[in-house]
Amino acid sequence: MYKRTFLALGLASLPGVVQPATAGQSELEQTRTEMREMRQAYETRIEALENRIEELEARQETPAAETAAPAETPAPTAEPAQGTAPTAANAFNPAISQILEGTYTHAPDGTRLLPGFFSAGEIGPEKRGFSLAESELALSASIDPYLYGTAAIALEPGGEVAVEEAYFQTLGLGHGFTVKGGRFFTAIGYLNEIHQHAWDFFDAPIAYQALLGTEAAGNHGEDGVQLRWVAPTDTFLELGAELGRGKDFTSNDRNKNGIGAAGLFAHVGGDIGASHSYRAGLSWLGAWPKDRGSAAVDLDNVEVLNLFEGDSYVYAADFVWKWAPNGDPSYRNFKLQGELLWRDEHGMLTYDAEGASGGANRSGYSSDQLGGYLQAVYQFQPRWRAGLRGEWLHSAHLDLGDNAETLPDADHDPSKYSVMLDYNPSEFSRFRWQFAYQELTDNESDQQVILQYVHSLGSHGAHQF
Amino acid sequence: MKRSVVSLIAFAIALLAEPALAAMKVFACEPEWAALAEALGGDRIEAYTATTALQNPHRIQARPSLIAKVRSADLLICTGAELEVGWLPILLRQSGNTGIQPYTPGYLEAALLVPRLEMPTVLDRAAGDVHPQGNPHIQTDPRNIARVAVALAERLAQLDPDHAAEYRARHQDFSARWQAAIARWEKQAAPLKGITVVAQHKYWVYLFQWLGLREVATLESKPGIEPSVSHLETVLTTLQKDPAKLIIRTAYNDARPSEYLAEKAKIPAVMLPGTVGGTEQARDLFSLFDDTIHRLLAAAASS
């Protein structure tokens, strides 16, 4: 303590020496203020040092703490705070994680456009041979006591950067309400809200690709707002709605006021005993596109661009059921998951808008098409999981008007079957083998083998159910 | 027709709204904290535990049922120190409950209240699943339970000021019985002092420090990495130089690695409850430690 007094005295004597005799009153005042500030700064530092000494002494009293930091080693987390701050997702702020993902794909070449199903592009895989998949960089933290923020930036292998998700989420509304704003994955179906690197198979089901227009390894996103409400019930019940610009297929991104797409969803979930848990949901995605482009191969075997204008509604029913002995998934667990998507569209379709084949023709169009998948994944050992997936698409109704003279009907029901096996050395790494057999068109079947790795480095993320 | 629809909706809302219960709802991430809340809150509180003794609290998922429970909780008590990092953040964010968010009186992290062991100096996942804030299994030392009890009683009093005196009285009573029990356990466990043990996972550092047991090896080569046969062989070699008397695992650990080593090394493997509900005998916090020490003594005597 007397040290501090000495210091203060020493400091106090300084200005008296350097002070010129002619100094004005204000200058004197200023010097005093500076002095006070200096003194405060020193006192704070001394106090901090005293605290540190006390802390170190306290730690030495704990004999088994030999593994704890010797005081001199500066830990990267700064002070190993035996303090009062609650656990954050990481000692760093924000929590940062980087996904490393890559594939080797063996598949026949060819254009995979489904006759009679209008979609955003070809059915995957996009690349054959060795390929880096997207490397997702995720940042997240509380913005302030009221908001949480997160951004998932996809670094594409070709060099492009895409913002997958970037949104804020309220923490302070209470009563079960949460609002999300920004770019987020649409709450349609079950799989869509989960990032691709956490999927059980490399690629999205063909129902997603054909009816929602997602990329083979992508999600359906939205720029907008989402409201969720969790009911105060023992059984989980969640209701939600979204409004957005309709940036992704089934809408089309365009410069306009108002909204381009909207969604509604309801989820229920719970446990049955200690070993079983489930979630089931119903959702709807409405879009009102104008000149939404879809590539198709016409009856003359020419690839043409068709434009759709009208109403597009997707209805989805989904469920996931998980089993783990006594509810502990570490050693063995089983997951059964299925979704059914139904797309109802009506409006006008312009055939061959770019005049590649017969020339543009505008006609009425309506369709009712559905697709789904059912998959099961079993972890039979702590590090090994095996999975099966079956997928189907069906066109219940397709009316092309007089474009039926130039565009093919959807008389074939595409199907696909996949098997996967993955090895997980730890909860942060995964190597996967996946085999798929598919019949997308009448006279074509093909087989694919995909080898994939997915690793995560950085902060320990939390995963959705 | 219209009226029946209205009354149906009103009925549905009444069902959803659930009448406000007098009891405070406590959401505990682990059974020991639910048991402590029950000991301090009596019938003023209703405790729910997110995990059981048979579940590894680091590995469970953010199940919908847990979101529903956090939604209605008045107080959340968890171990912290990243033990629940894989699921608790999701529950907090999706619950839409402002009362139990970090830095509010309704959020209590037990590990912050006790001196932690095994604070890593370097954070590198090459060392396995290490926790930056030290070993999170603090409940294996009853003196830590006492430390958490002080804070928990204060929180209950703060959140339910009408009954503050009641919580403090209960805490005083609990604390007196707990200190007496600690003295009794220490006396009972005196023969265990200095014995060498092998642990399946780095789960027992606080218990070992309390009772003076010495851990010579772990069956997991690195924290969170399941025991492999090759590592078990390494442990066997270690045991030839530095023999151990017991192999210890917790209720949710796979029994096979410790049974395998027990047979090879010819020393007993013992399963300890770890937390409330881990064995039939460990029904509450007192019987948890009674049973833990009983099992350790019995196994040590047989070796």
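The table that follows gives values for the structure above.
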| read-out | value |
| --- | --- |
| Qualifying residue in the range A:244-260 (condition: in contact with a strand residue (DSSP E or B) (Cβ under 7 Å, 6 or more places away or on another chain), in a strand (DSSP E or B), open to solvent by 30 Å² or more (accessible area, probe 1.4 Å) and in contact (Cβ under 8 Å) with a residue 24 or more places away in the chain) | no |
| Pairs where the first residue, in the range A:352-372, is touching a residue at least 60 places away in the same chain (Cβ under 8 Å) and assigned by TED's automatic domain parsing to the domain that holds A:His412 and the second is surrounded by fewer than 17 Cβ atoms within 10 Å (Cβ to Cβ) and of a type in the set (Gly, Ala, Ser), C-beta under 8 Å, 6+ apart | A:Ala353/A:Ala360; A:Gln369/A:Ala396; A:Leu370/A:Ala396 |
| A:Ala216, sole failed condition from (1) at pLDDT 95 or above; (2) under 30 Å from A:Gly102 (Cα atoms) | (1) |
| Of all residues in the range B:127-146 being modelled with pLDDT of 80 or more and surrounded by fewer than 21 Cβ atoms within 10 Å (Cβ to Cβ), the one that is farthest from the other protein chains (Cβ to nearest Cβ) | B:Ala146 |
| Failed item, numbered, when A:Ile450 is tested on (1) without any contact (Cβ under 8 Å) to a residue 60 or more places away in the chain; (2) more than 14 Å from chain B (Cβ to nearest Cβ); (3) among the hydrophobic types (A, V, I, L, M, F, W, C) | (1) |
| Criterion violated by B:Ala183 - all others in (1) open to solvent by 10 Å² or more (accessible area, probe 1.4 Å); (2) within 12 Å of chain A (Cβ to nearest Cβ); (3) farther than 22 Å from B:Ala34 by Cα satisfied | (2) |
| Pick from the range A:215-243, criterion crowded, with 23+ Cβ neighbours inside 10 Å and among the acidic types (Asp, Glu), ranking: farthest from the other protein chains (Cβ to nearest Cβ) | A:Glu222 |
| Failed criterion for A:Phe319 (all others in (1) in contact with a helix residue (DSSP H, G or I) (Cβ under 7 Å, 6 or more places away or on another chain); (2) open to solvent by 20 Å² or more (accessible area, probe 1.4 Å) hold) | (1) |
| Restricting the range B:125-176 to residues that are basic (Lys, Arg) and in contact (Cβ under 8 Å) with a residue 40 or more places away in the chain, the residue that is farthest from B:Gln200 (Cα to Cα) | B:Arg170 |
| Single residue of the range A:430-446 satisfying the filter (at pLDDT below 95 and assigned to a strand (DSSP E or B)) that is surrounded by the most Cβ atoms within 10 Å (Cβ to Cβ) | A:Leu440 |
| Filter pass, A:Gly172 being open to solvent by 10 Å² or more (accessible area, probe 1.4 Å), among the small types (Gly, Ala, Ser) and modelled with pLDDT under 95 | yes |
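The values are calculated or read from the model by the stated rules, or taken from the named source; none is laboratory data. As the structure is a computational prediction, the values presented were derived from the model and not from experiment. Ideal geometry is used to build each Cβ from the backbone, glycine not excepted, and the neighbour counts take in all protein chains shown. For the accessible areas, the whole protein counts, side chains as well, though only heavy atoms, and no ligand, DNA or RNA atoms are used. Shrake-Rupley method; radii C 1.70, N 1.55, O 1.52, S 1.80 Å.
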